[in-house]
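Have a look at this one before I ask anything.
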Amino acid sequence: MVRFIFSRLLQGFAVILGVLCITFGLLKLAPGSPLQSERNIPEHIRVQRMAMSGLDQPLPVQLWRYIVSFATFDFPVSAKTPGRGVDEIIAQGFPVSAQVGLAALLIALALGIPMGALAALRPNSLEDRVSTVAATLGICTPSMVLGPILALVFGLKLRWFNASGWYDADDWVLPAMTLGIIYSAYIARLTRGGLRETLAQEFIRTARAKGASEAAIVFRHSFKLACLPVLNFLGPTAAGLMTGSIITETVFQLPGLGQHFVGAAVNRDYDLAMATAVFYAALIVGFNLIVDFLQALLNPRIGFKA
Amino acid sequence: MSQASSQSPWHKAWQSLVRNPLTVAAMLMLVVLILLCCIGPCFSPYGPNDQDLELRATSPSLAHWLGTDPLGRDLATRILHGGRISMLVGLLATAVASIIGVGYGLIAGLAGKRMDAVMMRVVDVLYAFPFITFVIILVVIFGREFWLIFIAIGAVEWLTMARVVRGQVLTLKDLEYVQAARACGAGFWHILGKHMLPNVMGSVIIYASLTVPGVMMLEATLSFLGLGIQPPDASWGVLISEGAASMAAYPWMLIGPSVFFSATLLALNLVGDALRDALDPKSVRQ
């Protein structure tokens, strides 16, 4: 098991390093520089500022500096917002995104798993049909449609919540609902598929023949195995949700991380773009590691193979 | 699409598609939506960018079925015209993604263990890449031109296709008929084109049909953020974004394009699921 964790960690670091290099390459391919929006700066100041942010160095040196600075947690200062390290910018946006994302994840699980399980336990019943139709509708509703509708109904008409912004303690509710409802559709689908496949297997028939109650069959014998597809889906999804959905954060004007993914690339804020990409990759790797671990724990057939 | 015998797998798949009324309804809906967007604007008395500044924003009426926007442009015409762009991007980006994904997957699966390991690690790395940053950087490099948007989207959507195809090739490449072909002296590219490609086509069609809605969603996301289709042209993403900005005063501006967009995604998803059931022998049992 130690070998398993060690090899996964090593793979994870390789992935993060790969993401870092690709982002760097792409940013250098893009025309323009962080100073392009500032017009009429004298030549000697431009040279000075390029030197200050290390942009006058050869490319391999610049790349190496990024690798060292991320590896030693000594982060560069954003070229666009002087005086603030990129870690500070991320530390400010992440709590907002994480709070909304975590709430959305819980809503998605709380809605999706019962819906999918109900559908799987009574195939072709009314419950199954309703849940399948609801799930398909959920998958076909983009957050850019659902978000404004929720803001219109609960924000502007009913006035239960602020339609946008991050002022009150309950401002996470509408964005989290938007994302949670949409993701619950995917989770319902996966739960239904996983549970139906498990219930059709031989060991369930054996359990039935032994006279196990329906509740024992569902909860003790099949649920662990049926959860695997959902678990697989949750790894990247959790990372994606917690780093902030750009659309939802735009619709509800949240000061989360999502804005930086767009802003950094558009403004050629190289340091911030690198930092957000690496942060996102690290979260994905981390969540996938947890998912791999849980999968090995839940499914003895997979096990801790390195 | 062999029509020689009524027993061909394509024929059987078609029959099982037509048997399900929900699938037929979804296919009809898709055809109607495509026709509406392709030829609908020709019958409209208004152009998509014709302004009527005295009229401004009006709610739906007999003259303007879905209302007008604050510049007095007819919304129905704009939605149908925007649908053309959204659907075209969806189709072309899926084609780009499929070509890259199928080519990459075929080569990775067939080229031997070491090559496969390297190529699949690259895919793993790209999976951990923040999608949206990737597309945005590509759009920034390429500029915001229409032709380049679907290349940028196609360039990020091929990963799963590559995985699916490579998995299929791995199970196929050691079967007897491939060994026989090898024994007869068939080369790498011959086996790839003649023996692998036709056999993975089923999965490719299934997966491509499920990629189209994802791609359209990505285009809408880009346009919503102002990075996709540029005004005065409009795609559904642009129209929804305009509608969301003024939904309190003119709710019809949000409702119209949203309904069209969601209906298209719904029809595409239903058809894609039905295709999977029809072409994938494994899912027939369920």
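The values are calculated or read from the model by the stated rules, or taken from the named source; none is laboratory data. Everything numeric in this text was worked out from a predicted model, so none of it was measured. Using ideal geometry, Cβ is built from the backbone for each residue, glycine included, and neighbour counts are taken over all protein chains shown.
I'd like the residue in segment A:198-220 that is within 14 Å of chain B (Cβ to nearest Cβ) and buried (at least 17 other Cβ atoms within 10 Å of the Cβ) and, out of all such residues, is farthest from A:ASN299 (Cα to Cα). Break it down stepwise before answering.
Taking segment A:198-220 as the starting set, the residues that turn out to be within 14 Å of chain B (Cβ to nearest Cβ) are A:198-201.
Checking the rest, the ones that are also buried (at least 17 other Cβ atoms within 10 Å of the Cβ) come to A:198-199.
Numbers: A:THR198: 12, A:LEU199: 16 Å.
The selected residue is A:LEU199.
In addition: Quick one: in segment A:257-294, of everything that is buried (at least 22 other Cβ atoms within 10 Å of the Cβ) and not hydrophobic (A, V, I, L, M, F, W, C), which residue is nearest to the other protein chains (Cβ to nearest Cβ)?
That would be A:TYR280.
Would you point out the residue of segment B:129-172, among those that are outside any helix (DSSP H, G or I) and farther than 27 Å from A:ALA282 by Cβ, that is farthest from the chain's Cα centre (by Cα)?
Here is the first cut: in segment B:129-172, the residues outside any helix (DSSP H, G or I) are B:129-130, B:143-145, B:157-158.
In the following step, the residues that additionally are farther than 27 Å from A:ALA282 by Cβ were identified as B:143-145.
Working: B:GLY143: 22, B:ARG144: 20, B:GLU145: 19 Å.
So, considering only residues that are outside any helix (DSSP H, G or I) and farther than 27 Å from A:ALA282 by Cβ, the one farthest from the chain's Cα centre (by Cα) is B:GLY143.
Related question: Tally time: how many residues in segment A:81-109 are in contact (Cβ under 8 Å) with a residue 60 or more places away in the chain and not β-branched (Val, Ile, Thr)?
Number satisfying all stated conditions: 15.
Could you identify the single residue in B:ASP74, B:ASP69 that is over 27 Å from B:GLU157 (Cα atoms), in contact with a His (Cβ under 9 Å, 6 or more places away or on another chain) and modelled with pLDDT under 80? Write out each step before concluding.
On the way: B:ASP69 fails: in contact with a His (Cβ under 9 Å, 6 or more places away or on another chain).
Of B:ASP74, B:ASP69, the one residue that is over 27 Å from B:GLU157 (Cα atoms), in contact with a His (Cβ under 9 Å, 6 or more places away or on another chain) and modelled with pLDDT under 80 is B:ASP74.
While we're on this one: Would segment B:114-122 turn up any residue that is touching a residue at least 12 places away in the same chain (Cβ under 8 Å) and either within 14 Å of chain A (Cβ to nearest Cβ) or among the polar types (S, T, N, Q) (or both)?
Applying the first criterion (touching a residue at least 12 places away in the same chain (Cβ under 8 Å)) to segment B:114-122 yields B:116, B:119-120.
This time we only want the ones that are either within 14 Å of chain A (Cβ to nearest Cβ) or among the polar types (S, T, N, Q) (or both), so: B:119-120.
There is at least one residue in segment B:114-122 that is touching a residue at least 12 places away in the same chain (Cβ under 8 Å) and either within 14 Å of chain A (Cβ to nearest Cβ) or among the polar types (S, T, N, Q) (or both).
Sticking with this one: Kindly indicate whether any position in segment A:113-134 is touching a residue at least 24 places away in the same chain (Cβ under 8 Å) and closer than 23 Å to B:ILE240 by Cβ.
Yes, there is a match, as at least one residue in segment A:113-134 is touching a residue at least 24 places away in the same chain (Cβ under 8 Å) and closer than 23 Å to B:ILE240 by Cβ.
With respect to A:ALA119, determine if the residue is over 22 Å from the mean Cα position of the chain (by Cα) and either within 23 Å of A:MET242 (Cβ to Cβ) or not aromatic (Phe, Trp, Tyr) (or both). Walk me through it before giving the result.
Working: over 22 Å from the mean Cα position of the chain (by Cα): yes; either within 23 Å of A:MET242 (Cβ to Cβ) or not aromatic (Phe, Trp, Tyr) (or both): yes.
Criteria met by A:ALA119.
Of the conditions (1) under 25 Å from the mean Cα position of the chain (by Cα); (2) modelled with pLDDT of 85 or more, B:VAL118 fails just one. Which one is it?
Unmet for B:VAL118, out of (1) under 25 Å from the mean Cα position of the chain (by Cα); (2) modelled with pLDDT of 85 or more: (1).
With respect to A:THR206, determine if the residue is farther than 21 Å from A:ALA110 by Cβ and among the β-branched types (Val, Ile, Thr). First the steps, then the outcome.
Working: farther than 21 Å from A:ALA110 by Cβ: yes; among the β-branched types (Val, Ile, Thr): yes.
So A:THR206 fits the description; yes.
Failed condition for B:GLY243, given (1) more than 14 Å from the chain's Cα centre (by Cα); (2) more than 9 Å from chain A (Cβ to nearest Cβ), with all others met?
Only one criterion is unmet by B:GLY243, namely (2).
I need the full set of residues from segment B:222-244 which are in a helix (DSSP H, G or I) and in contact with a Leu (Cβ under 9 Å, 6 or more places away or on another chain), in order please.
Those that are in a helix (DSSP H, G or I) and in contact with a Leu (Cβ under 9 Å, 6 or more places away or on another chain): B:SER223, B:GLY237, B:LEU239, B:ILE240, B:SER241, B:GLU242, B:GLY243, B:ALA244.
While we're looking at this one, here's another question. Report yes if some residue within segment A:139-150 is touching a helix residue (DSSP H, G or I) at 6+ places or on another chain (Cβ under 7 Å), modelled with pLDDT of 80 or more and over 26 Å from B:SER241 (Cβ atoms); otherwise report no. So that I can check it myself, show each step before the final result.
If we filter segment A:139-150 for residues that are touching a helix residue (DSSP H, G or I) at 6+ places or on another chain (Cβ under 7 Å), which is where we start, we get A:139-148, A:150.
Filter once more, keeping what is modelled with pLDDT of 80 or more: A:139-148, A:150.
Then drop every residue that is not over 26 Å from B:SER241 (Cβ atoms), which leaves none.
Within segment A:139-150 (the criterion being touching a helix residue (DSSP H, G or I) at 6+ places or on another chain (Cβ under 7 Å), modelled with pLDDT of 80 or more and over 26 Å from B:SER241 (Cβ atoms)), the answer is no, since none of the residues qualifies.
Checking B:VAL169 against (1) within 19 Å of B:ILE99 (Cβ to Cβ); (2) within 14 Å of another protein chain (Cβ to nearest Cβ); (3) of a type in the set (Val, Ile, Thr), which single condition isn't satisfied?
Failed condition: (2).
Inside segment B:181-195, can you point out the residues that are of a type in the set (Gly, Ala, Ser), free of Cβ contacts under 8 Å to residues at least 12 places away in the same chain and not in a loop (DSSP other than H, G, I, E, B)?
B:ALA183, B:GLY193
Here's a check for you: in segment A:140-161, which residue that is closer than 11 Å to A:ILE181 by Cβ and either touching a residue at least 40 places away in the same chain (Cβ under 8 Å) or acidic (Asp, Glu) (or both) is nearest to the other protein chains (Cβ to nearest Cβ)?
Of segment A:140-161, the ones closer than 11 Å to A:ILE181 by Cβ are A:141, A:143, A:146-147, A:149-150.
From what's left, either touching a residue at least 40 places away in the same chain (Cβ under 8 Å) or acidic (Asp, Glu) (or both): A:141, A:143, A:147.
Numbers: A:THR141: 6, A:SER143: 9, A:GLY147: 8 Å.
Only one residue tops the list, namely A:THR141.
Scan segment A:221-251 for residues that are within 11 Å of another protein chain (Cβ to nearest Cβ) and outside any helix (DSSP H, G or I) and report the count.
Selection size over segment A:221-251: 3.
Residue by residue through segment B:62-117, note down the ones that are over 23 Å from B:ILE39 (Cα atoms) and not in a helix (DSSP H, G or I).
The answer is B:PRO70, B:LEU71, B:ALA111, B:GLY112.
Kindly provide the set of residues from segment B:245-258 that are within 13 Å of A:VAL145 (Cβ to Cβ) and in a helix (DSSP H, G or I), ordered by number.
Looking only at segment B:245-258, we keep the residues that are within 13 Å of A:VAL145 (Cβ to Cβ), and these are B:247, B:251, B:253-258.
Once the filter is applied, which keeps residues that are within 13 Å of A:VAL145 (Cβ to Cβ) and in a helix (DSSP H, G or I), segment B:245-258 yields B:MET253, B:LEU254, B:ILE255, B:GLY256, B:PRO257, B:SER258.
I want to confirm something. Restricting to segment B:111-169 and keeping residues that are of a type in the set (Phe, Trp, Tyr) and within 25 Å of B:VAL238 (Cα to Cα), which single residue is surrounded by the most Cβ atoms within 10 Å (Cβ to Cβ)? Spell out the reasoning first.
Filtering segment B:111-169 down to residues of a type in the set (Phe, Trp, Tyr) leaves B:127, B:129, B:131, B:134, B:142, B:146-147, B:150, B:158.
Next cut, within 25 Å of B:VAL238 (Cα to Cα) only: B:131, B:134, B:142, B:146-147, B:150, B:158.
Values: B:PHE131: 19, B:PHE134: 21, B:PHE142: 15, B:PHE146: 15, B:TRP147: 10, B:PHE150: 23, B:TRP158: 25.
Out of the qualifying residues, it is B:TRP158.
Okay, moving on. Which residue out of A:VAL251, A:VAL262, A:VAL291, A:VAL278 is aliphatic (A, V, I, L, M), out of contact with any His (no Cβ under 9 Å at 6 or more places or on another chain) and within 28 Å of A:CYS227 (Cα to Cα)?
Numbers: A:VAL251 fails: within 28 Å of A:CYS227 (Cα to Cα); A:VAL262 fails: within 28 Å of A:CYS227 (Cα to Cα); A:VAL278 fails: within 28 Å of A:CYS227 (Cα to Cα).
Sole residue among the options that is aliphatic (A, V, I, L, M), out of contact with any His (no Cβ under 9 Å at 6 or more places or on another chain) and within 28 Å of A:CYS227 (Cα to Cα): A:VAL291.
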